[in-house]
Structures are given as C-alpha cells and as structure tokens.
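Q: I'd like to ask some things about the structure below.
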Amino acid sequence: MFIAGGTNLVDLWKYNLLHPKLVVDINHLPEHRRITELEDGGLRLGALVSNADTAYHPLVESRYPLLSKAILAGASAQIRNMATNGGNLLQRTRCYYFYDADVPCNKRVPGSGCPAMDGYNRIHAILGASGECIAVFPSDMCVALAALEAVVNVSGKNGGRRIPFADFHRLPGDSPEIDNILQHGELITSIDLPEKGFAQNYSYLKLRDRHSYAFALVSVATALELEGDTIRDARIALGGVAHKPWRVREAEAVLVGKKADEAAFTAAAEVLLTGAVGLKYNAFKIELAKRAIVRNGMMALHPETQLPGAQPSA
Ligand code: SF4
C-alpha cells in the first residue's frame with residue numbers, strides 16, 4: 001500500500017483492520033506536490049498537496065470556492081494539514097462496525113455479514129445501498145469534486161489513465177470491500193478541475209451532529225450558473241447518503257431554464273431523492289436531504305454568504 005498523509009491508513013493499521021505486506025512512502029515525489037494551471041483553463045491539483053494547502057490556494061479560493069469551502073468543512077485543521085488530496089479520495093467509510101475488528105463486516109471480511117442492517121444505522125446510506133453493505137463515503141472534498149466534474153489522473157504499470165470523477169467511486173453491490181475502480185498498484189497522481197468553476201453562485205452545506213470535526217449526516221454541494229434569476233446550468237451533489245457522492249443528472253435538468261426559487265429546488269430535491277430507502281435509525285435523512293437541497297440552493301444565490309470560513313449552523 002502507498003502511504004502519504006497517513007490520516008486514515010495509520011488508524012486502520014493500528015486498529016488491526018488492515019495488514020499491509022508492504023507500505024511505500026510516496027511523500028518524496030515533488031511533481032505531485034504542486035497545483036498548476038492547465039492549458040485548457042482548468043487547474044491540476046497534485047495528489048500530494050495537503051487538503052489545507054489546496055483549500056487556501058489563491059486559485060482554488062478565487063476560481064473554485066465551492067471546493068475550498070467543502071474541504072474546510074471536513075475533519076480538523078490538524079488533519080487537513082496532514083491529509084493529501086489523493087488520500088481524501090481513498091479514505092474508508094466511518095461505519096462503526098467497520099472499525100470494530102470483533103464484529104462481522106462484509107466490507108472488512110467479505111461474506112461475514114453486515115451488523116449495521118439491523119443495528120444502529122443512523123449514519124448509514126439511504127441511496128444506492130445493497131443487501132451486503134449500507135456504508136456511506138465520508139468525504140466532503142469529494143462531494144464538491146463530483147459537482148465540479150473533476151477528473152482523476154492515475155498512473156500504473158500499464159501507463160496512465162484519466163477517470164471521470166463520477167466513475168471513480170463505486171456502489172457496494174455484492175462486493176462492498178471494493179470502494180473504487182483503482183487497480184492494484186495504481187497511484188493517483190493528480191486531480192484536474194475543468195475551467196468552469198461556478199465561482200459566482202455556489203454553496204456547500206454540511207449537516208452533522210456537532211459543529212466541527214464530525215462527518216456529515218447529509219451534505220450538499222450546489223453550483224449554479226445564472227442569467228438574471230434564471231438557472232442556465234446546475235450541479236447538485238450529496239454527501240453522507242451513499243457509498244459515493246450522489247448526483248442525479250435528471251434532477252439538475254429539472255432546474256435548467258427555471259427561476260431560481262424554492263419551488264424549483266424542491267422539485268429537484270424530489271428527483272434527487274427518488275428511490276431513497278430509510279432504515280430504522282436513518283429514515284430522517286430523506287427529509288433532511290430534501291430540505292438541505294432547498295436551503296443550499298437558496299444560499300447559492302447569495303455569494304456574500306460564501307465568505308471564507310462562513311458555515312451556517314445546522
Ligand atoms: Fe460493514 Fe458496510 Fe455493514 Fe458497515 S454497512 S458493517 S461497512 S458491511
């Protein structure tokens with residue numbers, strides 16, 4: 001396994017949940033420690049740049065403030081200083097049962113069972129889950145990257161490839177032990193942001209049990225392109241609800257050409273939550289997500305609320 005910031009891998013190792021045969025320290029690869037402008041107008045985020053350095057980079061703050069805001073909603077200042085961009089994509093679920101080596105877990109030990117199904121599933125998935133696993137992917141940064149349609153650059157023994165962000169993480173299906181489509185030995189080298197950054201109308205809303213250093217029960221990244229009060233383009237991605245950041249193109253299409261108001265965002269929320277299934281302790285997330293989408297859509301209309309560090313209370 002590769003180690004960079006180690007903010008998740010070391011935990012898993014210490015808890016006796018991972019047993020890597022070989023760990024390769026990749027921290028000394030200077031070409032992956034840079035943020036560079038691309039000829040097509042986009043921005044390349046090196047995989048080894050820390051989450052903090054990414055969030056506070058002037059070009060990220062000015063051109064992709066949605067990403068900056070999402071990163072700063074995650075973890076703690078200390079962890080953001082250590083954690084890398086590549087590692088953020090590869091962090092594991094925070095399902096309580098996954099972190100307890102004394103109980104079964106299909107993600108940790110395939111075929112052993114999923115105690116979350118009939119257990120305490122308050123933080124678990126309402127969308128895209130399977131009969132094998134109902135875990136959610138915990139990243140905030142990745143919710144914004146999904147909305148911005150980033151591209152993940154990876155390198156492996158067969159060369160490099162570019163993976164659209166929507167294809168990088170996977171749903172659990174019958175193999176929940178596999179979180180993403182990386183092949184063994186492949187390394188994330190960078191993440192490309194397209195030119196369009198939605199820097200005028202955006203918002204990231206994270207709802208959680210405490211105001212900081214907590215994972216999202218529901219989070220929403222909203223990016224809008226407006227002409228007057230009419231929506232010309234829209235992106236909405238949800239976090240905390242599925243095994244990957246959740247986007248539904250049909251929900252975004254509902255918004256295009258509409259006046260940006262609560263009625264439009266309510267209609268989009270209904271489409272986005274189509275098929276949502278609540279369990280004993282997490283059914284509240286369905287209504288919470290719908291309300292968060294509407295609220296965040298309205299917040300995206302007011303860039304003045306998006307000052308660095310501004311984080312509305314839940
Ligand atoms: Fe394991 Fe997934 Fe079930 Fe959690 S939800 S116990 S990660 S199989």
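The values are calculated or read from the model by the stated rules, or taken from the named source; none is laboratory data. Only a predicted model underlies this, so the values are computations on that prediction, with no experimental measurement involved. Backbone-built Cβ (ideal geometry, glycine too); neighbour counts: all protein chains shown. In case anyone asks, the SASA skips ligands and DNA or RNA and just uses the protein heavy atoms, side chains included. Shrake-Rupley method; radii C 1.70, N 1.55, O 1.52, S 1.80 Å.
Q: Take the alpha carbon atoms of region 214-233, find their center, do the same for region 79-158, and report the distance between the two centers in whole angstrom.
A: Here the answer is 23 Å between Cα centres.
Q: Another one. Could you pull the Rg and Dmax for the chain, using just the Cα atoms, both in Å?
A: 18.7, 58
Q: Then there's this: What FRET efficiency comes out for Asp100 versus Leu38 if R0 is 30 angstrom and r is the Cβ-Cβ distance? Round to the nearest 0.05.
A: The formula returns an efficiency of 0.10 here.
Q: While we're looking at this one, here's another question. Any idea what the dipole of region 201-304 comes to, in debye rounded to 20, about its Cα centre with Lys/Arg Cβ at +1 and Asp/Glu Cβ at -1?
A: 540 debye
Q: Let me ask something else. Share of region 201-304's accessible area from carbon and sulfur, percent, 1.4 Å?
A: 54 percent
Q: Please identify the longest segment of the chain free of exposed GluC sites (Glu not before Pro), where exposed means a DSSP state other than H, G, I, E or B and no more than 14 other Cβ atoms within 10 Å.
A: That gives 40-176 as the longest site-free run.
Q: Here's something else I'd like to know. Using a probe radius of 1.4 Å on heavy atoms only, what accessible surface per residue do you get for region 2-193? Whole Å² is fine.
A: 45 Å²
Q: Report in % the part of the accessible area of region 2-193 that belongs to carbon and sulfur, leaving out ligands and nucleic acids; probe 1.4 Å.
A: 53 percent
Q: Another question, if that's okay. To the nearest 0.05, what FRET efficiency results for Val23 and Arg122 with a Förster distance of 35 Å applied to their C-beta separation?
A: That gives a FRET efficiency of 0.55.
Q: Before I look further, what does region 201-304 give for accessible area per residue, probe 1.4 Å, in whole square angstrom?
A: 43 Å²
Q: In a solvent-free Debye calculation with one equal scatterer on each Cα, what is log10 I(q)/I(0) for region 201-304 at q = 0.12, 0.14, 0.15 Å⁻¹, listed in the order of the q values?
A: -0.36, -0.49, -0.56
Q: Would you be so kind as to identify which of Ser212, Leu272, Ile231 lies farthest towards the positive end of the dipole of region 201-304, taking Lys and Arg as +1 and Asp and Glu as -1 on Cβ and the Cα centre as origin?
A: Working it through, the farthest residue towards the positive pole turns out to be Ser212.
Q: I've got another one for you. Run through region 152-231 and list the trypsin sites (Lys or Arg not before Pro) located in a DSSP loop whose Cβ has at most 14 other Cβ atoms within 10 Å.
A: When the trypsin sites (Lys or Arg not before Pro) of region 152-231 are filtered for loop state and at most 14 Cβ neighbours within 10 Å, Lys157, Arg210 remain.
Q: Which of Lys14/Lys107; Lys196/Lys244; Lys21/Lys280; Lys14/Lys69 have a Cα-Cα distance over 28 Å?
A: Correct reply: Lys21/Lys280; Lys14/Lys69.
Q: Between Asp11 and Lys258, what FRET efficiency comes out of the Förster formula 1/(1 + (r/R0)^6) with R0 = 35 Å and r the beta carbon distance, rounded to 0.05?
A: Efficiency, rounded to the nearest 0.05: 0.20.
Q: Sticking with this structure for a sec: Identify which of Asp102, Asp174, Asp53 has the largest mean-square fluctuation in a Gaussian network model of the chain, with springs joining Cα atoms closer than 10 Å.
A: Asp102
Q: Mind giving me the nanometre distance, one decimal, between the label points for Arg232 and Asp167, set 7 Å out from Cα along Cα→Cβ?
A: So the label points at Arg232 and Asp167 sit 2.9 nm apart.
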